[in-house]
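Trainee: What follows is a single structure, and I will ask about it in a moment.
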Amino acid sequence: MSHPHPELSAPAPLEKGALRVIPLGGLGEVGRNMTVFEYDDRLLIVDCGVLFPEDHHPGVDLILPDFAAIRDRLDKVEALVLTHGHEDHIGATPYLLRERGDIPLVGSELTLALLGSKLREHRLKETVHHVVREGDRISFGPFELEFVAVNHSIPDALAVVIRTGAGLVLHTGDFKMDQLPLDGRITDLRAFARLGEEGVDLFLTDSTNAEVPGFTTSEQNIGPVLDRVFHQSKQRLIVACFASHVHRVQQVLDAAVAHGRKVAYVGRSMVRNMQIAHDLGYLTVPPGVLVDAKDLAELPPERQVLVSTGSQGEPLSALSRIAQRNHHFVHIEEGDTVILASSLIPGNENAVYRVINGLARWGANVVHKGNALVHVSGHASAGELLYCYNIVKPRNVLPVHGEIRHMRANAELAKATGVPADRVVIAEDGVVVDLVDGVAKIAGKVECGYVFVDGSSIGDISEASMKDRRILGEEGFISVILVVDSVTGKVSGGPEIHARGFAEDDSTFDAIRQPIIDAIDQAIADGVDDSYQLQQTVRRVVGRWVNKTHRRRPMIIPVVVEA
């Protein structure tokens, strides 16, 4: 089984007739999915998503794929294919289009509609777009594409088949094999089998649930559980889910009608996405059930249902504000029921439990995946993946979409079905895989870091400054200001020492004031007269003392002024 090595060098120029796969996100993480295919000096991009920040990314709004590897070749991009409308697959598209605005966009009706509203939000013109559906074939340069229906936790998801002179690639996107989906649109296993007969040279498969045994539970099993929760709840119901989870919102609307309740959407993205889904016919809204959120408050609590964003504990989401009791018109009350109808994205656990605890503090009954079947995954479990490998019989496998442990579990499933170990390639973001004469192999590595979005700045935050933020957040900072007489070379003022997030009482530092003065005097006596070197002296003295005395490593900001 091939796997990446940190010492990999940049890949050699692509051999004629070979296909290159460059994953720029989504391999080794759950999010920011983006894969570039190169053939005959032309590029095709599949997905362009974002990753949401975790606790160790202070001040960061979004994390984008790193476009650096293709930035000087964006003119060679034939198209951007979007497999479905989730943020981790479409969210970075506006940032890519800022760099080249006329890249043709390819996707299903709902996917491109959700993306269109996002582009308008970014004040970007809609570029040429091609609405496709399962069974369609369309070519861009040397890439002949075919689309296959797959079932996921959002309607209108597609797998994409890429045919080139190097062979046939099947990219599943995110998928599962729910045999009783709410919309009746199942993963087209007949198409998978047909492609298997034709010969799949490289199979890129969703790894997210590869560690989970068996088959993913059907969406239909959630209906009776929701019905029971609605029946038992005597007050207001708040349901939190992804703003794109049309199927879950449909189930909530149906349950509300059955129990004589009215529904209101809370959260800008929820309102926008459900309007789009309804306009396109993917969401059926029974007459009279939907009301404006502010009008809902006039109804008695037992007739209210709020459908909200914030199921991942996002700090600025509607649910987080409700949990902190600072939402402008929704106030949680004793006896309210909150349903978290989503899975936990790895890394978000602490944020979600903070919200659950916040809601419980006010007396809410919190129903979540841990205590009731109110969510099922949108990803294929191990049994479904085995089924796919046996149908497709791929010659080479590249697990995608998941953390390293998920991709390794997926690789083991491929080998168990008879794929030779040396034809199963484990790659991380930036690790280049070439398909040459029907064999997939690692060819090198391109630079591929995190690109942080912080307010209006994109990519201006380096890993070093992120490390500084973590130190500030965890250890605090100390500023030391002193004045050195430029004539005598003696300390004539200070040191003034101030701290934040460390020790608020300035008298804490009385013991280190004289050692700082002594160190500066000694440095000047040794011929050091450069203010930067004197500042480094202060930093060393204070750093050693703080570490020894307080077992802390705060950020130290020394300022030496010559007067």
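The values are calculated or read from the model by the stated rules, or taken from the named source; none is laboratory data. The structure displayed is predicted, hence computed values, not measured ones. In this analysis, Cβ positions are derived from the backbone assuming ideal geometry, glycine residues included, and neighbour counts consider all displayed protein chains.
Trainee: Only one of (1) modelled with pLDDT of 95 or more; (2) crowded, with 24+ Cβ neighbours inside 10 Å; (3) not in a strand (DSSP E or B) is not met by residue 200, so which one is it?
Mentor: (2)
Trainee: Restricting to the stretch 307-357, give me the number of residues that are assigned to a loop (DSSP other than H, G, I, E, B) and either aliphatic (A, V, I, L, M) or not assigned by TED's automatic domain parsing to the domain that holds residue 229 (or both).
Mentor: The number of residues fulfilling the criteria is 6.
Trainee: For residue 441, all conditions in the list (1) of a type in the set (D, E, K, R); (2) surrounded by fewer than 16 Cβ atoms within 10 Å (Cβ to Cβ); (3) free of Cβ contacts under 8 Å to residues at least 60 places away in the same chain hold save one; what is the number of the exception?
Mentor: Going through the list (1) of a type in the set (D, E, K, R); (2) surrounded by fewer than 16 Cβ atoms within 10 Å (Cβ to Cβ); (3) free of Cβ contacts under 8 Å to residues at least 60 places away in the same chain, residue 441 breaks only (3).
Trainee: Moving to a separate point now. Evaluate the stretch 321-337: report whether one residue or more is hydroxyl-bearing (Ser, Thr, Tyr), under 21 Å from the mean Cα position of the chain (by Cα), under 23 Å from residue 229 (Cβ atoms) and crowded, with 18+ Cβ neighbours inside 10 Å.
Mentor: Scanning the stretch 321-337 turns up no residue that is hydroxyl-bearing (Ser, Thr, Tyr), under 21 Å from the mean Cα position of the chain (by Cα), under 23 Å from residue 229 (Cβ atoms) and crowded, with 18+ Cβ neighbours inside 10 Å.
Trainee: For residues in the stretch 362-418 being assigned to a loop (DSSP other than H, G, I, E, B) and among the polar types (S, T, N, Q), which is farthest from residue 202 (Cα to Cα)?
Mentor: Result: 371.
Trainee: Which residue pairs have Cβ atoms under 9 Å apart, sit 6 or more places apart or on different chains, and have a first residue in the stretch 363-390 that is closer than 27 Å to residue 89 by Cα and touching a residue at least 12 places away in the same chain (Cβ under 8 Å) and a second that is part of a helix (DSSP H, G or I) and of a type in the set (Lys, Arg)?
Mentor: 374/248; 375/248
Trainee: In the stretch 294-323, how many are closer than 18 Å to residue 368 by Cα and of a type in the set (Asp, Glu)?
Mentor: 1
Trainee: Restricting to the stretch 368-386, give me the number of residues that are out of contact with any Ser or Thr (no Cβ under 9 Å at 6 or more places or on another chain) and either farther than 12 Å from residue 340 by Cα or modelled with pLDDT of 95 or more (or both).
Mentor: 1
Trainee: Identify, please: which residue in the stretch 453-501 is in contact with a His (Cβ under 8 Å, 6 or more places away or on another chain) and at pLDDT below 80 and is, among those, surrounded by the fewest Cβ atoms within 10 Å (Cβ to Cβ)?
Mentor: Taking the candidates together, the pick is 470.
Trainee: Test residue 238 against the criterion of being assigned to a strand (DSSP E or B), more than 30 Å from residue 35 (Cβ to Cβ) and within 29 Å of the chain's Cα centre (by Cα), and give yes or no.
Mentor: yes
Trainee: For the stretch 416-438, give me the residue count where each residue is surrounded by 16 or more Cβ atoms within 10 Å (Cβ to Cβ) and on the phi < 0 side of the Ramachandran plot.
Mentor: Total meeting the criteria: 15.
Trainee: Something else now. Return yes or no: is residue 175 assigned by TED's automatic domain parsing to the domain that holds residue 140, aromatic (Phe, Trp, Tyr) and either touching a helix residue (DSSP H, G or I) at 6+ places or on another chain (Cβ under 7 Å) or modelled with pLDDT under 95 (or both)?
Mentor: Spelling it out, it is not the case that residue 175 is assigned by TED's automatic domain parsing to the domain that holds residue 140, aromatic (Phe, Trp, Tyr) and either touching a helix residue (DSSP H, G or I) at 6+ places or on another chain (Cβ under 7 Å) or modelled with pLDDT under 95 (or both).
Trainee: Specify the residue that is surrounded by the fewest Cβ atoms within 10 Å (Cβ to Cβ); the eligible residues are those in the stretch 123-174 that are within 26 Å of residue 75 (Cα to Cα) and of a type in the set (Lys, Arg).
Mentor: Selected residue: 123.
Trainee: Further question: Quick one: would you say residue 51 is surrounded by fewer than 22 Cβ atoms within 10 Å (Cβ to Cβ) and either at pLDDT below 95 or in contact with a Gly (Cβ under 6 Å, 6 or more places away or on another chain) (or both)?
Mentor: For residue 51, the condition - surrounded by fewer than 22 Cβ atoms within 10 Å (Cβ to Cβ) and either at pLDDT below 95 or in contact with a Gly (Cβ under 6 Å, 6 or more places away or on another chain) (or both) - is not met.
Trainee: I need a count of the residues in the stretch 415-435 that are more than 17 Å from residue 23 (Cα to Cα), among the aliphatic types (A, V, I, L, M) and touching a Leu at 6+ places or on another chain (Cβ under 8 Å).
Mentor: 1
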